[in-house]
Amino acid sequence: MFSFLFRTIDWKAKKGKDKEPAEESKQYLEESLLETTTPETKLRQLVELPAGIDYNEWLASHTIALFDHINLIYGTISEFCTPLICPEMTGPGNVSMFLSLTSLKDIKVPANTHIEYVTIFIQKTINDESIFPTKYDQKFPPDFEATVKRILQLLYQVLAHIYHAHFREIVLLNLHPHLNCLFSHLVLLGDNFKLLDEKDLSPLEDLAVALGLIAPTPPPQSLTPTPPKNAIADSEKDSEQQQQQQSQQQLPQQQQQQPLEQGTSSK
C-alpha cells in the first residue's frame, strides 16, 4: 500500500472560490530575515559539477545531503505540525498538496502525514542499491536523473509548507538562516541542472528572487501593440502625398478664376 502511495504524491493548486482570499502575509520575505549561513555566490560554486566527477554521483551526493538536512530542520518544528494545526498540506499562494492515486480521486491528508509519506518514500529510494548504488562496480539506472528530479520536487514541497505554516517557529528558534541556505542550495542545484521548472518553483518564486537565486519573471506585455517604426514612417509619407495631391488639384481652379477676374475689370 505504502509503495503505491510513495510514487504518486503530487501537488495541485486549490480550486478557485467565490470569495477572493485575503492577501497572504509572508514573513519570510522581510529583508531582516533573508540572511543565509552560506552566501549565494559560494552556493553557486558548490553545485557546479567539478571536472572528472561523474554526473550521477554528483547528483546523488547533493540529493542525500539535502534530504538529510531538510529532514532535520523539519524535525525541529514537527511538534507544531499536527492534524489540528495543519489539517492540509499547504504552501504559499493558496496551494494544496494531495496524494494522487492512479485509479482513485485525489486524497487530502494532514501535513504531517503527507510529509511522513514523502520521507519514507525518499528514504526507501535512497536505500535502494539499484537506484542509489554505493559499490564501485554498480551503475546508476538510466532514469536516475528523473528520480532525482522527483525527489527534489518533493523536498521543495516540504520547504514550501515550512515557509508557509511554520516560519514563525523557525524564526523563534533562530533557524531561518539555515532554512534559507537549504532552500538556496535546492533551488540552485535544480536550476543549474534543469531539474526544477517554473511550475515547481512558483509557490516560493518570490523568495528565490529575493535571495538573488533566479531572475524575476518579466511583466506581461501590453495587449495594445506598438506599431513598428517603418509603419509610422509610411503613414507620414502617405499623409504628405495626399497633401501634395490636394495642392495640385487647387492650382488649376485658381488659374481659371484669374482670367475671369481680369475680363470683368476690363469691362
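Within region 14-30, the set of residues being open to solvent by 80 Å² or more (accessible area, probe 1.4 Å) and either at pLDDT 95 or above or in contact with a strand residue (DSSP E or B) (Cβ under 6 Å, 6 or more places away or on another chain) (or both) comprises Glu30 only. Scanning region 97-113 for residues that are surrounded by 17 or more Cβ atoms within 10 Å (Cβ to Cβ) and modelled with pLDDT of 80 or more returns Met97, Phe98, Val109, Pro110, Ala111, Asn112. Candidates in region 139-155 are the residues that are outside any helix (DSSP H, G or I) and without any contact (Cβ under 8 Å) to a residue 60 or more places away in the chain; of these, the one that is surrounded by the fewest Cβ atoms within 10 Å (Cβ to Cβ) is Pro142. Tell me, which residue of region 201-220 that is under 10 Å from the mean Cα position of the chain (by Cα) and among the small types (Gly, Ala, Ser) is most open to solvent (accessible area, probe 1.4 Å)? That would be Ser202. Apart from one condition, Ser202 fits all of (1) in contact with a helix residue (DSSP H, G or I) (Cβ under 7 Å, 6 or more places away or on another chain); (2) at pLDDT below 95; (3) outside any loop (DSSP other than H, G, I, E, B); the exception is (1).
Taken over region 45-64, the criterion of being closer than 17 Å to Ser184 by Cβ, open to solvent by 50 Å² or more (accessible area, probe 1.4 Å) and not charged (D, E, K, R) is satisfied by Gln45, Leu46. Evaluation of His178 against the conditions (1) within 13 Å of His69 (Cα to Cα); (2) crowded, with 20+ Cβ neighbours inside 10 Å shows that the sole unmet condition is (2). For Ser184, the requirement of being open to solvent by 50 Å² or more (accessible area, probe 1.4 Å), in contact (Cβ under 8 Å) with a residue 40 or more places away in the chain and part of a helix (DSSP H, G or I) is not met.
When residues of region 45-66 are filtered for being in a helix (DSSP H, G or I), more than 14 Å from Lys149 (Cβ to Cβ) and not hydroxyl-bearing (Ser, Thr, Tyr), how many remain? Quick ask: steps written out before the conclusion?
At the first step, the residues of region 45-66 found to be in a helix (DSSP H, G or I) are 45-47, 55-66.
Keeping just the survivors that are more than 14 Å from Lys149 (Cβ to Cβ) gives 45-47, 57-58, 61, 64-65.
Applying the additional criterion that residues be not hydroxyl-bearing (Ser, Thr, Tyr) yields 45-47, 57-58, 64-65.
Summing the residues that are in a helix (DSSP H, G or I), more than 14 Å from Lys149 (Cβ to Cβ) and not hydroxyl-bearing (Ser, Thr, Tyr) in region 45-66 gives 7.
Looking for something part of a loop (DSSP other than H, G, I, E, B) and more than 29 Å from Glu35 (Cβ to Cβ) - is there at least one such residue anywhere in region 109-116? Within region 109-116 (the criterion being part of a loop (DSSP other than H, G, I, E, B) and more than 29 Å from Glu35 (Cβ to Cβ)), the answer is yes, since at least one residue qualifies. Cβ separations smaller than 9 Å between residues 6+ apart or across chains give the following pairs from region 205-232 residues that are at pLDDT below 60 to residues that are surrounded by 10 or more Cβ atoms within 10 Å (Cβ to Cβ) and of a type outside the set (Lys, Arg): Pro227/Ser235.
The values are calculated or read from the model by the stated rules, or taken from the named source; none is laboratory data. All of these numbers come straight from a predicted model, not from anything done at the bench. Positions of Cβ are generated from backbone atoms using ideal geometry, with glycine treated the same way; all protein chains shown enter the neighbour counts. Note: areas computed on protein heavy atoms with side chains; ligands, DNA, RNA excluded. Shrake-Rupley method; radii C 1.70, N 1.55, O 1.52, S 1.80 Å.
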